[in-house]
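The values are calculated or read from the model by the stated rules, or taken from the named source; none is laboratory data. The shown structure was predicted, so the numbers you read here are calculated from the model rather than taken from an experiment. We place every Cβ from the backbone using ideal geometry, glycine too, and count neighbours over all the protein chains shown.
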Amino acid sequence: MSQSPGPFRRTMPSRMAIGPLGRIIAQIIVPAIAIIARTLPAAYAAALENARKSGTANEASGDAARRGASFLGKARMSKDEALMVLNLTENDVSVETVRRQYDRYFESNKVENGGSFYLQSKIYRAKELLDEYVKEKEAEGKQRVDGGGRGEGR
Ligand SMILES: *[C@@H]1O[C@H](CO)[C@@H](O)[C@H](O)[C@H]1NC(C)=O
């Protein structure tokens, strides 16, 4: 019970040990569920949840690389997914609406606003893809008008 003087009495660095770890756990677990539910359309949250579930199933078949690419936002997005990400429908899509929705969601998913790079990259990809799609659609539309077609294209 000899109480050593100062230099030998070390206090456990318990706060330091728990602090960063707690933050890391929160960063990994919380964003996936809570943030999506709050800032993205419900339909898209459901789609992500499905993708996550099937992703788990795919792991066994060595799909990890593709999932990794998708996580980094490098995989090509489908138009339907892009529409969901930006909460638009096929009929809403225009240069204007895409930019407006992009600004809104990109801003609200900033990391400092409690978002994540993952979601931001999704939002960015979605804008990129829909901008392209709008351009194609406009070019097609002009051709159609010039050609006098009714263009119920389906
Ligand atoms: C998505 O768009 C609909 C219709 O414009 C709107 O009512 C809804 O609040 C939007 N959802 C989100 C999460 O912004």
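If we scan the range 123-136, do we find a residue that is within 25 Å of residue 91 (Cβ to Cβ) and at pLDDT below 90?
Step one: list which residues in the range 123-136 are within 25 Å of residue 91 (Cβ to Cβ), which gives 123-136.
Right, trim to at pLDDT below 90 and you get none.
Scanning the range 123-136, I find no residue that is within 25 Å of residue 91 (Cβ to Cβ) and at pLDDT below 90, so the answer is no.
Can you give me the ranges of the helices (runs of 4 or more DSSP H) entirely in the range 78-148 with at least 3 residues that are within 13 Å of the ligand (Cβ to nearest atom) and surrounded by fewer than 15 Cβ atoms within 10 Å (Cβ to Cβ)? Explain how you work it out, then say what you get.
Working: elements: 79-85, 95-108, 117-147.
The helices (runs of 4 or more DSSP H) meeting that bar are 95-108.
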